[in-house]
1. Could you report the accessible area of Phe74 in Å², rounded to 10, computed with a 1.4 Å probe on the protein chains as they sit in the structure?
2. Which whole-Hz ³J(HN,Hα) couplings does the stretch 152-160 yield from phi under the Karplus relation 6.51 cos²θ - 1.76 cosθ + 1.60, θ = phi - 60°, glycine and proline marked x?
3. Rank these by accessible area, largest first, 1.4 Å probe: Asp144, Asp189, Asp216.
4. For Val106, what residues show an amide H to amide H distance below 5 Å, using hydrogens built from the backbone and excluding near sequence neighbours?
5. State to the nearest 20 debye the size of the charge dipole of the stretch 123-175 about its Cα centre, where the only charges are +1 on K and R beta carbons and -1 on D and E beta carbons.
6. Would you rank Ile69, Ile110, Ile78 by solvent-accessible area, highest first, keeping every protein chain in place and using a 1.4 Å probe?
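The values are calculated or read from the model by the stated rules, or taken from the named source; none is laboratory data. Owing to the predicted nature of the structure, the values given are computational and were not obtained by experimental measurement. Here the Cβ positions follow ideal geometry from the backbone for every residue, glycine too, while neighbour counts run over all protein chains shown. Just so you know, the surface numbers come from the protein's heavy atoms only, side chains and all, with ligands and any DNA or RNA stripped out. Shrake-Rupley method; radii C 1.70, N 1.55, O 1.52, S 1.80 Å.
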Amino acid sequence: MESEQDSISTEKIMRRVRGLFAKAEGTDNPAEAEAFRSKAYELLAKHNLDEMRVRGSGQQGRSARDNQIIIVRFDLPIRYREQRMMLLASVSHPLHNRGVDCGGGVQRIIGVRRNVERARFLYSLLMPQMLSATSKYVPEDPFDHAAVVRERQAFMNGFAAMVYQRLAEAEANAIGEAGEAAAVAIREDEERTNAAFVKKWPKTTKTALAHRNSGDGFDAGIRSANAADVGHTRVGGGRRAIGS
């Protein structure tokens, strides 16, 4: 069962992560912003792997509730919907979750509760930062409205890509440092998540979601956030799996 100390410890980590992202948003120095975000990803990954290490050693870990498989719904607005979906995939997949695009802006993320909650927490922090950074990005020809829209979409694609890469690297490093017991626990989480995904959405076929992943806007988005590309999967009945 989760103790009061565990809850306080988790909240303390989340406060530190929020503070680091706020510092990244508040500085005009790209190197400083990169360092703050890197530390935030590292803190989140190491905090989760500390729990995994306890589980792997056979000691009392987090509550059974934290180990439940859950599905969380996200309703994405029309404006920049595709880019929002990419960011959601970029924080979900590296944290061992799966996702489905149900159409009409409805996304569902499935995974072990603690992993889904980490993804939801990061998405809530990074989405406002991505939109804020995008609004400040001025393409070469600011009077060509169509070009501005394209370049800003590319900017967000680059932002989501960098988030994916940084988060995946932080998670992989933390797993490597935590040892084999923690790695086994993570694999068990992934196996349970994949089994639940297949049971819930058994008919899946892969497809690619076309998006611009080059040019000045994309490069600027990478510099703003620091990450890699996001894939998508078509699910039977007009649904699309994200982050797989």
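1. 20
2. Taking θ as phi minus 60°, the curve returns 6, 5, 5, 4, 5, 4, x, 4, 4 Hz for the stretch 152-160.
3. Asp216, Asp144, Asp189
4. For Val106, whose amide H was placed from the backbone, the distant partners under 5 Å are Leu76.
5. Once rounded to the nearest 20, the dipole reads 140 debye.
6. Ile78, Ile69, Ile110
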